[in-house]
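See structure below.
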Amino acid sequence: MKNLNIFDWIAIGLLFIGGINWGLVGLTNYDLVQSIFGGLNLGARIVYVLVMLAAIYLGAISVQLSRKALPPNL
């Protein structure tokens with residue numbers, strides 16, 4: 001099994017933040033990121049782009065992780 005490095009943990013944290021934010025948007029129509037950064041400005045856009053990159057990164061390494069998690073005879 002692959003040990004998680006700092007990039008993995010950062011990506012997991014960003015995806016957690018993104019998930020919480022989208023859950024709040026879906027349930028209450030409240031965008032926490034825009035609330036923190038004061039609207040859809042550069043700061044909020046950076047957070048959204050980082051969450052997107054984290055999702056792409058974790059999607060890419062999840063394939064590697066799933067291959068390593070399988071028993072060798074499969």
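A quick yes/no check of all residues on (1) assigned to a helix (DSSP H, G or I); (2) in contact with a helix residue (DSSP H, G or I) (Cβ under 7 Å, 6 or more places away or on another chain); (3) modelled with pLDDT of 95 or more; (4) at negative phi:
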residue	(1), (2), (3), (4)
W9	yes, no, no, yes
N21	yes, yes, yes, yes
G26	yes, no, yes, yes
Y30	no, yes, yes, yes
L40	no, yes, no, yes
L50	yes, yes, yes, yes
L65	yes, no, no, yes
K68	yes, no, no, yes
N73	no, no, no, yes
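Residue-wise test of (1) surrounded by 11 or more Cβ atoms within 10 Å (Cβ to Cβ); (2) within 19 Å of the chain's Cα centre (by Cα).
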| site | (1), (2) |
| --- | --- |
| I36 | yes, yes |
| N41 | no, no |
| A44 | yes, yes |
| V49 | no, yes |
| A54 | yes, yes |
| Y57 | yes, yes |
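State whether the residues of the stretch 9-22 include one that is under 21 Å from S66 (Cα atoms), aromatic (F, W, Y) and free of Cβ contacts under 8 Å to residues at least 12 places away in the same chain. There is at least one residue in the stretch 9-22 that is under 21 Å from S66 (Cα atoms), aromatic (F, W, Y) and free of Cβ contacts under 8 Å to residues at least 12 places away in the same chain.
The values are calculated or read from the model by the stated rules, or taken from the named source; none is laboratory data. Treat the numbers as computed from the prediction; the structure is a model and nothing was measured. Reconstructed Cβ throughout: ideal geometry from the backbone, glycine too, with neighbour counts over all protein chains shown.
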